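Here is the structure we will look at, set down as structure tokens.
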Amino acid sequence: MHRLLKFYCLPLLLASCGSWVQLTAPGQQVEVLSESQVSACQPLGRASSSTLDRLLLVERSTARQQDELLTLARNEAGDMGGNAIVPMTAAADGKQSFAVYRCP
């Protein structure tokens, strides 16, 4: 019985855990902006993020997924020399694309 309880509780515990993605030092310098805020910025390319949308059979929180997608995109943009990202697509199935910019 004890093992069975662990088996059924594990997915719930994992789904309730915080984000596994950590913001890097370059990622801390990156802001999330809107398209109208980057008119004076230099485009650097795209960043694509993906994270798990479910663990085993348990769907993960949309808010946690979005947080991880933004953190991953900020980290990638920072590595590219950017300091701003703009979402290009809506988050779907644990994936999202962002435009990367270097702003004055």
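The values are calculated or read from the model by the stated rules, or taken from the named source; none is laboratory data. Keep in mind that what you see is a predicted model, and the values were worked out from it rather than measured. Neighbour counts run over all protein chains shown; Cβ positions are idealised from the backbone, glycine included.
Quick check on the stretch 84-104: of everything there that is part of a strand (DSSP E or B) and more than 19 Å from Ser34 (Cβ to Cβ), which residue is modelled with the highest pLDDT?
In the first step, residues of the stretch 84-104 are kept if they are part of a strand (DSSP E or B); the result is 84-87, 92, 95-102.
Subset that is more than 19 Å from Ser34 (Cβ to Cβ): 92, 95.
Numbers: Ala92: 86, Lys95: 92.
Checking each candidate, the answer is Lys95.
Conditions tested, residue by residue: (1) under 12 Å from the mean Cα position of the chain (by Cα); (2) under 26 Å from Cys103 (Cβ atoms); (3) among the hydrophobic types (A, V, I, L, M, F, W, C); (4) at pLDDT below 95.
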| position | (1), (2), (3), (4) |
| --- | --- |
| Gln28 | no, yes, no, no |
| Ser48 | yes, yes, no, yes |
| Leu52 | yes, no, yes, yes |
| Glu59 | no, no, no, yes |
| Asp67 | yes, yes, no, yes |
| Arg74 | yes, yes, no, no |
| Gly82 | no, yes, no, no |
